[in-house]
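The values are calculated or read from the model by the stated rules, or taken from the named source; none is laboratory data. Model, not experiment: these values are computed from the prediction. Quick reminder, even Gly has a Cβ in these numbers, built from the backbone with ideal geometry, and neighbours come from all protein chains shown. The protein model used for the area step is the full one, side chains on, heavy atoms only, and it has no ligands, DNA or RNA in it. Shrake-Rupley method; radii C 1.70, N 1.55, O 1.52, S 1.80 Å.
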Amino acid sequence: MYSGAMEVLAKIHSVDISSAGLSDFGKTTDYMKRNLARYVLGAFLQFKTLNMSRHYPDFILFKFFIRLLL
């Protein structure tokens, strides 16, 4: 069962985006940067909502990473 799913994923990832007409569908660069920024921003908002920054002084580092990534 799982090997079939892996085969399908391998076939999907082997598709040439340009020849399939999907080159203008979504962003094609900075995948890791966008996802890391989304994660850090989500963590920041969660900590801010829970008012945990006073319990975790190192949380200031999240703000630093957000500025680097955005």
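Points worth noting:
- Sites Glu7 and Ala37 - FRET efficiency at Förster radius 30 Å, r taken between beta-carbons, to 0.05: 0.35
- Tyr31 contributes about 150 Å² of solvent-accessible surface, heavy atoms of the protein only, 1.4 Å probe.
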